[in-house]
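Everything on this sheet refers to the single structure shown next.
The values are calculated or read from the model by the stated rules, or taken from the named source; none is laboratory data. Since the model is a prediction, treat every value here as computed from it, not as a measurement. Methodologically, a virtual Cβ is constructed for each residue, glycine included, from the backbone with ideal geometry; neighbour enumeration extends over all protein chains shown.
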Ligand SMILES: C[S@@+](CC[C@H](N)C(=O)[O-])C[C@H]1O[C@@H](n2cnc3c(N)ncnc32)[C@H](O)[C@@H]1O
């Protein structure tokens, strides 16, 4: 399995990483109605989603490899008077007990590995979720131009390493729809969407997956 590498948040200038993504509001509302309490933000970054869940009364746990990101989240939470339990850690070896969480979000995170690592990470998600617990995760799609960009070093047939900040040295695993279904074979898949984000000079495709532990 490839060595993990955090984002270099010090190099990030865009504001988008401070505003919750629009689809996450739906999961806050859904999981609140379902009476879910214990929430894990896996690869929380600067903590935009952790803050939203904590504001909505969830018992919020947040993990990332980036000290910079966790410090930003701790500062924000303190300013807002919110309790968020942050930990520096790796998504392929979670420091949480089995069956601990009602719900889990991992937004643009779990693809930061290789073909071997993604199976370990999905196994960790399965382990820490309660039976009946739900997740919303995203995975990089092979439709993305970055998957076939010629100058990225390739680690295996599904994995490249990006070379620009804030992701220089960060591995990216890409999947197609059959790959997504294979990876999530142990879960009940509620919904899969395949979405293109348009940027100034390129675009990126992701699978957005809502599922449940059986
Ligand atoms: C694209 S950012 C997304 C951050 C956050 N989920 C959001 O939506 O704002 C990816 C995050 O995953 C973290 N990350 C990458 N590989 C990781 C790993 N193996 N374990 C924990 N965090 C990791 C990075 O440090 C970064 O903060």
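For the reader, a short list of remarks on this structure follows.
- Meets criteria (at pLDDT 95 or above, within 10 Å of the ligand (Cβ to nearest atom), out of contact with any strand residue (DSSP E or B) (no Cβ under 8 Å at 6 or more places or on another chain) and under 20 Å from residue 168 (Cβ atoms)) for residue 46: yes
- A single entry from 151, 143 fulfils the requirement of being more than 24 Å from residue 38 (Cα to Cα), assigned to a loop (DSSP other than H, G, I, E, B), over 17 Å from the mean Cα position of the chain (by Cα) and modelled with pLDDT of 95 or more: 143.
- Selected residue (criterion: surrounded by the fewest Cβ atoms within 10 Å (Cβ to Cβ)) from residues of region 9-38 that are at pLDDT 95 or above and not in a helix (DSSP H, G or I): 35
- Under the condition of being within 11 Å of the ligand (Cβ to nearest atom), in a helix (DSSP H, G or I) and in contact with a helix residue (DSSP H, G or I) (Cβ under 7 Å, 6 or more places away or on another chain), the residues counted in region 49-71 number 6.
- When 109, 24 are checked against the criterion of being within 13 Å of the ligand (Cβ to nearest atom), touching a helix residue (DSSP H, G or I) at 6+ places or on another chain (Cβ under 7 Å) and closer than 25 Å to residue 192 by Cβ, a single residue qualifies: 24.
- Within region 163-178, the set of residues being more than 11 Å from the ligand (Cβ to nearest atom), in a loop (DSSP other than H, G, I, E, B) and in contact with a helix residue (DSSP H, G or I) (Cβ under 8 Å, 6 or more places away or on another chain) comprises 165 only.
- Within region 83-128, tally of residues that are free of Cβ contacts under 8 Å to residues at least 60 places away in the same chain, over 24 Å from residue 55 (Cβ atoms) and outside any loop (DSSP other than H, G, I, E, B): 6
The rows are residues; the columns are (1) crowded, with 17+ Cβ neighbours inside 10 Å; (2) within 24 Å of residue 8 (Cβ to Cβ).
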{"position": "123", "(1), (2)": "no, no"}
{"position": "127", "(1), (2)": "no, no"}
{"position": "149", "(1), (2)": "no, yes"}
{"position": "160", "(1), (2)": "yes, yes"}
{"position": "163", "(1), (2)": "no, yes"}
